[in-house]
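The values are calculated or read from the model by the stated rules, or taken from the named source; none is laboratory data. As the structure is a prediction and not an experimental result, all values here were calculated from the model. Here the Cβ positions follow ideal geometry from the backbone for every residue, glycine too, while neighbour counts run over all protein chains shown. Just the protein is used for accessible areas: all its heavy atoms, side chains included, with ligands, DNA and RNA removed. Shrake-Rupley method; radii C 1.70, N 1.55, O 1.52, S 1.80 Å.
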Amino acid sequence: MGVSEEKKEPCGTVCLKYLLFAFNFLFWLAGGVVMAVGVWTLVEKSDYISLLPSKTYAASAYILILAGAIVMVTGVLGCCATFKEQRRLLRVYFVLLLCIFLLEILAGILAYIYYQQLNEELKQNLRETMIQKYQQKTYEHITRAVDKLQQEFKCCGSNSSSDWEESIWIRSGDSKGRAVPDSCCKTPTEFCGRRQHPSNIYKVEGGCITKLEKFILEHLKIIGAVGVGIACVQIIGMVFTCCLYRSLKTEPY
């Protein structure tokens, strides 16, 4: 009788153990996704980040990378804690889950806050950045970013191509007669920026500010959704951990 009662007791624990193991495997994969989104934001869009005076956008991506790395380590720890059935390991695992949860919520909140202030920030800074720093020494990264922006989004200037009339570079002899940068041209070639006709440059397509804002807002939504979405999934993991923790007998000392 005693033996059969002892065998019945672990049944719920075994179910919880395998559920938590499955969760940890999915959690580990999710950590890779979170980290990939953060790395992709920084690597692929690093040029555009240099055009933004605020570091909030980059900070959200760094938080996701950190959270993703911790998630992957935590997933392995969770598997060990689950199969070894050690309450102390489960406590450490739960604390790490909680920390990651807070990090991802923070990334989501930062993305949302920046979402609200992005329009005003771009209005105040993008035009000034373009006319004051384009083709200036020590601002090569800005020049690359502006050229890439105008070519990828098929636009010219911040609000319109006329913004370039006030450019320090255009007004100097360094522009060699160009009215706009060559990256404003529909088919970029050397000195093509001398001719401002709509058939040659992105004149009627408008400025870059609206297109850049739309692009960043879409990526902020991705960062926020990934952070908050996975944070919500972690709640399930914390519930499973608490259940398994309670079902285990106190470790002997």
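Kindly list, by first and then second residue, each pair from a residue in the stretch 174-192 that is under 16 Å from GLU152 (Cβ atoms) and of a type in the set (D, E, K, R) to a residue that is at pLDDT 90 or above and assigned to a loop (DSSP other than H, G, I, E, B), limited to pairs with Cβ atoms under 6 Å and residues at least 6 apart or on different chains.
That search, which allows pairs on different chains as well, returns ASP182/PRO188.
Being of a type in the set (Val, Ile, Thr), closer than 30 Å to ARG144 by Cα and open to solvent by less than 50 Å² (accessible area, probe 1.4 Å): is that true of THR74 here? Show your work before the answer.
Working: of a type in the set (Val, Ile, Thr): yes; closer than 30 Å to ARG144 by Cα: no; open to solvent by less than 50 Å² (accessible area, probe 1.4 Å): yes.
Answer is no for this residue.
Residue-by-condition table, conditions (1) surrounded by 13 or more Cβ atoms within 10 Å (Cβ to Cβ); (2) not small (Gly, Ala, Ser):
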position	(1), (2)
SER158	yes, no
ARG171	no, yes
SER183	yes, no
ARG195	yes, yes
GLU205	yes, yes
PHE215	yes, yes
GLY229	yes, no
VAL233	yes, yes
THR241	yes, yes
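Working only within the stretch 200-231, note down all residues that are in a loop (DSSP other than H, G, I, E, B), farther than 12 Å from LEU149 by Cβ and not hydrophobic (A, V, I, L, M, F, W, C). Give the derivation first.
First, the residues of the stretch 200-231 that are in a loop (DSSP other than H, G, I, E, B): 200, 202-208.
Add one more test, that the residue is farther than 12 Å from LEU149 by Cβ, and what stays is 200, 203-206.
Matches in the stretch 200-231: ASN200, LYS203, GLU205, GLY206.
Output the number of the condition that LYS55 fails; it satisfies all remaining conditions of (1) under 21 Å from GLY31 (Cα atoms); (2) open to solvent by 20 Å² or more (accessible area, probe 1.4 Å); (3) modelled with pLDDT under 80.
LYS55 satisfies all of (1) under 21 Å from GLY31 (Cα atoms); (2) open to solvent by 20 Å² or more (accessible area, probe 1.4 Å); (3) modelled with pLDDT under 80 except (1).
Determine which single condition LYS137 fails, assuming it passes every other condition in (1) outside any helix (DSSP H, G or I); (2) over 15 Å from GLY207 (Cβ atoms); (3) in contact (Cβ under 8 Å) with a residue 24 or more places away in the chain; (4) basic (Lys, Arg).
So the condition that LYS137 fails would be (3).
Of all residues being among the aromatic types (Phe, Trp, Tyr) and surrounded by fewer than 17 Cβ atoms within 10 Å (Cβ to Cβ) in the stretch 111-146, which is farthest from ALA225 (Cα to Cα)? Just the residue, please. Break it down into steps so the answer makes sense when it comes.
From the stretch 111-146, those among the aromatic types (Phe, Trp, Tyr) are 112, 114-115, 134, 139; that's our starting set.
Pick out the ones that are also surrounded by fewer than 17 Cβ atoms within 10 Å (Cβ to Cβ) and you get 112, 139.
Numbers: TYR112: 10, TYR139: 34 Å.
Step by step, filter the stretch 111-146, then rank; the result is TYR139.
Name, by its number, the condition in (1) within 33 Å of the chain's Cα centre (by Cα); (2) in a loop (DSSP other than H, G, I, E, B) that does not hold for ALA145.
Condition (2) is where ALA145 drops out.
Please determine whether any residue of the stretch 150-164 is within 21 Å of the chain's Cα centre (by Cα) and not in a loop (DSSP other than H, G, I, E, B).
As a first pass, look at the stretch 150-164 and keep what is within 21 Å of the chain's Cα centre (by Cα): 152-153.
Next cut, not in a loop (DSSP other than H, G, I, E, B) only: 152.
The answer is yes; a qualifying residue exists.
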